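> Please see the structure below; I have some questions.
The values are calculated or read from the model by the stated rules, or taken from the named source; none is laboratory data. Keep in mind it's a predicted model, so treat the numbers as computed, not measured. Because the Cβ atoms are built from the backbone with ideal geometry, glycine has one as well, and the counts that use them run over all protein chains shown. Protein only, heavy atoms only, side chains kept; ligands, DNA and RNA dropped before computing areas. Shrake-Rupley method; radii C 1.70, N 1.55, O 1.52, S 1.80 Å.
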Amino acid sequence: MNDAPTAAADIINERAGFDPVEVAVVLGTGLGNVTDSLEDAVAIPYADLPGFPEVGVSGHDGRLVIGKQEGTRIAYMQGRSHYYEKGDSRCMAAPLETLALLGVHTLILTASVGSLKADFYPGTMVLITDHINFNGLNPLIGVANDGGFVSLTDAYDQRLIKRMKRATISAGVTLHEGVYMWYSGPSFETPAEIKMARMLGADVVGMSVVPEVILARRLALRVAGLAMVTNFGAGFQGGNPTHAGTRETAAQATIVLKRLIRSFLKTKEEAWTG
Ligand code: HPA
């Protein structure tokens, strides 16, 4: 751990209190409005937190919001950094280390994705069960003393997958399951690349999640991944993704995501008291 996460954690503790944060959610593009139902919410601009992303000023992006939801102390990262911004696959390392220092043990990553399955329509959600990293990039390259040899056999935590599936019942949400393939972006894929991804066993494609999962597993955080389908992949089912289109469709999925996270937090309480 370097100094930035420690400094950021100190600032967060000072402003939001010292009780451990248990769960953290990273909100993807267009998914900023999930935090309005938090109790005792404290919002801290990323600009005040060393190592946190420099994100655009659109919407609610660029804040860490900490509060209580369904009895759980939870932190929402409203906005993330992506590899494609500066070519740095470690760009989310400091925020994730900060969350670990705050006590977070469960990390829910959300992201918009292109769909490679005919029945994964835009507007639906996919629980990520595994990933394919075909970029030749890895955020743990260069980690000293064998610290990079992190197991990814259970990268997407089986217990969290089970709880998320249970949560869909009370939330009334349909959740597909699938494999996420990471493309670096920022350009979208070609139709040939989408065809290849389908042949390799991917169900959705996106430009984030994977380096964050790898970093989080090194920190022993348990990870769940929720992908919001915003479009069909390029050339598949007429897919022709645009940034504006993905933002707009992701925003429409916000309400569903909110319901699902709340139900997910309730399942944990039931499991703990049951
Ligand atoms: N490709 C990559 N990333 C994405 C897409 C896509 O089609 N849609 C949303 N994020």
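> Which one of these is open to solvent by less than 30 Å² (accessible area, probe 1.4 Å), among the β-branched types (V, I, T), farther than 18 Å from I108 by Cβ and in contact with a Leu (Cβ under 9 Å, 6 or more places away or on another chain): I132, I161, I194, I128?
After ruling out the rest, the residue left standing is I194.
> Please pick out the residue among S115, S170 that is polar (S, T, N, Q) and surrounded by fewer than 20 Cβ atoms within 10 Å (Cβ to Cβ).
On inspection, the qualifying residue turns out to be S170.
> Which one is least open to solvent (accessible area, probe 1.4 Å), of the residues in the stretch 34-92 that are assigned to a helix (DSSP H, G or I) and not aliphatic (A, V, I, L, M)?
The extreme case among them is Y46.
> Among the residues of the stretch 231-241 satisfying the criterion of being of a type in the set (S, T, N, Q) and touching a residue at least 12 places away in the same chain (Cβ under 8 Å), which is least open to solvent (accessible area, probe 1.4 Å)?
This residue is N231.
> Considering each residue of the stretch 135-158, count those that are under 28 Å from N240 (Cα atoms) and open to solvent by 60 Å² or more (accessible area, probe 1.4 Å), and give that number.
1
> Among the residues of the stretch 200-230, count how many are open to solvent by less than 20 Å² (accessible area, probe 1.4 Å) and within 18 Å of Y183 (Cα to Cα).
Within the stretch 200-230, residues that are open to solvent by less than 20 Å² (accessible area, probe 1.4 Å) and within 18 Å of Y183 (Cα to Cα) number 18.
> How many residues does the stretch 180-207 hold that are within 8 Å of the ligand (Cβ to nearest atom) and of a type outside the set (V, I, T)?
6
> Checking D157 against (1) more than 17 Å from V256 (Cβ to Cβ); (2) modelled with pLDDT of 95 or more; (3) within 16 Å of the ligand (Cβ to nearest atom), which single condition isn't satisfied?
Every listed condition holds for D157 apart from (3).
> Right, something else. For the stretch 235-252, what are the residues that are under 13 Å from S115 (Cα atoms), at pLDDT 90 or above and within 11 Å of the ligand (Cβ to nearest atom)?
Across the stretch 235-252, the qualifying residues are G235, F236, G239, N240, P241.
> I need the full set of residues from the stretch 107-146 which are charged (D, E, K, R) and either within 16 Å of the ligand (Cβ to nearest atom) or within 27 Å of L265 (Cα to Cα) (or both), in order please.
Selection gives K117, D130.
> Checking the conditions here, which among V173, V205, V229, V213 is part of a loop (DSSP other than H, G, I, E, B) and among the β-branched types (V, I, T)?
V173
> From the list S170, S112, S151, S187, which one is free of Cβ contacts under 8 Å to residues at least 40 places away in the same chain and in contact with a helix residue (DSSP H, G or I) (Cβ under 9 Å, 6 or more places away or on another chain)? So that I can check it myself, show each step before the final result.
Values: S170 fails: free of Cβ contacts under 8 Å to residues at least 40 places away in the same chain; S112 fails: free of Cβ contacts under 8 Å to residues at least 40 places away in the same chain; S151 fails: free of Cβ contacts under 8 Å to residues at least 40 places away in the same chain.
Residue meeting the stated conditions: S187.
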